[in-house]
Amino acid sequence: MESTDKLAVLIDADNAQPSIVDGLLAEIANYGIASVKRIYGDWTAPSLRGWKEVLLDHSIQPMQQFAYTKGKNATDSAMIIDAMDLLYTGNFNGFCIVTSDSDFTKLASRIRESGLTVYGFGEQKTPSAFVSACDKFIYTEVLRATTGETQAITKKSARDLKQDTKLVSLLRNAVEVSSDDSGWAHLAPVGSNIAKQSSEFDPRNYGYVKLGELVSATKLFDIEERPIAGSNSKALYVRDKRKK
């Protein structure tokens, strides 16, 4: 079922590329309805020409902020003020903050303190402080690859995945917490547990579309499909091979 959560989408034009827009809005649609779509920058600057060409097609409202003082980011201030105004209306279930700038870390934390969900979007260079401040963080390299703007992210081999100690620990811990007495865990709660541990986790970062595909590719887990009672569908269960 599609989410009907109302989301406010705020884009920092100085720290995001127009090539992500199709993938960005498609991704946001997975989490709710983009009720407000605003993008902030100095639209007199030639550097934002690429954004101006796509705004009308996607009904994104440009918010003008002149750079009166060199070295001072007026765009950040305007975006933060607007975000707080929107927060106080009480009309939204969450915010999508599109930037690779750590200056929005406090904003993300403040919104979450009010009980709303924060989805962050930024490049892999985004400082970890902002990434961690979001409920979920999606790297925009994935969005560009999805829409064919850049080469698809190469699937990592089982060897590469096994050598990623952070990933292995994350997967094993999530399966352990979600498993029954026999060691088997339904994949859905495994995914939920991973999301709580790591806001930036995304199978697409490793070249895989779905969590099940990534788990299987590691060769560290047993995979089993089980029929769902009263349905023609099947559910995926996983077990750490060390539990045999």
| field | Value of [θ]222 nm, deg cm²/dmol, for the chain, DSSP H segments ≥ 4, -39500 (n - 2.57) each, nearest 500 | value | -10500 deg cm²/dmol
| note | With a Förster distance of 30 angstrom and the Cβ-Cβ distance between residue 224 and residue 166, calculated FRET efficiency to the nearest 0.05 equals 0.70
| field | Gaussian network model of the chain, springs between alpha carbon atoms under 10 Å - residue of 166, 219, 106 with greatest fluctuation | value | 166
| Got the relative contact order for the chain handy, in percent, Cα pairs under 8 Å and 6 or more residues apart? | 15
| said: Please list, short to long, the whole-number percent of alpha-carbon pairs of the chain in consecutive 5 angstrom bins beginning at zero. | reply: 1, 6, 12, 15, 17, 15, 12, 9, 6, 4, 2, 1, 0, 0
| note | To the nearest 20 debye, region 122-244 has a Cα-centred charge dipole, built from +1 on Lys and Arg Cβ and -1 on Asp and Glu Cβ, of 380
| note | Stretched fully, the stretch from residue 132 through residue 242 gains (0.36 nm per residue minus C-alpha distance, one decimal, in nm) 36.5 nm
| field | Chain lengthening between residue 57 and residue 102 when straightened (0.36 nm per residue, less Cα-Cα) | value | 13.3 nm
| Selected from 35, 45, 169, residue furthest toward positive end of dipole (the chain; charges at beta carbon) | 169
| Roughly how many debye, to the nearest 20, is the charge dipole of region 6-146 about its Cα centre, given +1 on each Lys and Arg Cβ, -1 on each Asp and Glu Cβ, and no other charges? | 120
| Between residue 159 and residue 49, what FRET efficiency follows from the Cβ-Cβ distance if R0 is 45 Å, with the result rounded to 0.05? | 0.55
| Reach of residue 155 by Cα under 29 Å, taken over lysines that are not fewer than 8 positions away in the same chain | 125, 136, 166, 196, 210, 219, 234, 241, 243, 244
| note | If every Lys and Arg gets +1 and every Asp and Glu gets -1 at its Cβ, then about the Cα centre the chain yields a dipole, in debye to the nearest 20, of 780
| query | What is the set of long-range amide H partners of residue 138 at a cut-off below 5 Å, with H atoms built 1.01 Å from backbone N? | reply | 120, 121, 122
| task | Pull up all non-local amide H partners of residue 221: gap of 5 or more, or a different chain, and H-to-H distance under 5 Å with H placed in the peptide plane. | result | 241
| field | Average Cα contact separation per residue, region 158-243, under 8 Å, 6 or more apart, as relative contact order % | value | 30
| Among the lysines, which fall within straight-line cross-link reach of residue 52, defined as a Cα-Cα distance under 23 Å, with same-chain neighbours fewer than 8 residues apart omitted? | 37, 70, 72
| query | Can you run phi through the Karplus equation (6.51, -1.76, 1.60; θ = phi - 60°) for region 225-241 and list ³J(HN,Hα) in whole Hz, with x for Gly and Pro? | reply | 9, 10, x, 8, 4, x, 9, 8, 7, 10, 10, 9, 10, 10, 8, 4, 4
| field | Dipole of the chain [Lys/Arg +1, Asp/Glu -1 at C-beta], most positive-end residue of 100, 75, 86 | value | 100
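Just so you know, all these numbers are worked out from the coordinates, no wet-lab data involved. Treat the numbers as computed from the prediction; the structure is a model and nothing was measured. We place every Cβ from the backbone using ideal geometry, glycine too, and count neighbours over all the protein chains shown.
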